[in-house]
Amino acid sequence: MCESECALRCTLGSGRPVIGRACYIIDAEGGRIPISISTAVLRDSNGQVIGGAETFRDLSESESRTWEIFPGPFSFSAINHPHTIPHKPGVFPR
């Protein structure tokens, strides 16, 4: 993501925050770790941009719970697009 579409660079360029964008990072062993990224512009008391902040949230536990509830060929992005996950009666009432 950072090589092609850096969330913080987009925020600094547009002035709009990124909130909870789901993606993966690669750990030292080459494994994929699901995360969400949020960014914000930092401004001084005059409203001038002085920098930016970026936070990363580990979603490993959320993803493993999703697989327990919805075993099958779903992608992690389905968490952010629940209409793509088949309804399972009694799990998430509509």
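The values are calculated or read from the model by the stated rules, or taken from the named source; none is laboratory data. Please read all numbers here as calculations on a predicted model, not as lab measurements. SASA here: full protein model, heavy atoms, side chains in, ligands and nucleic acids out. Shrake-Rupley method; radii C 1.70, N 1.55, O 1.52, S 1.80 Å.
Structure above, values below:
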| quantity | calculated |
| --- | --- |
| Probe 1.4 Å, all protein chains present, accessible-area order of Ile25, Ile37, Ile50, largest first | Ile50, Ile25, Ile37 |
| 5 angstrom amide H check on Leu59, placed H, neighbours 5+ away | Ile35, Ser36 |
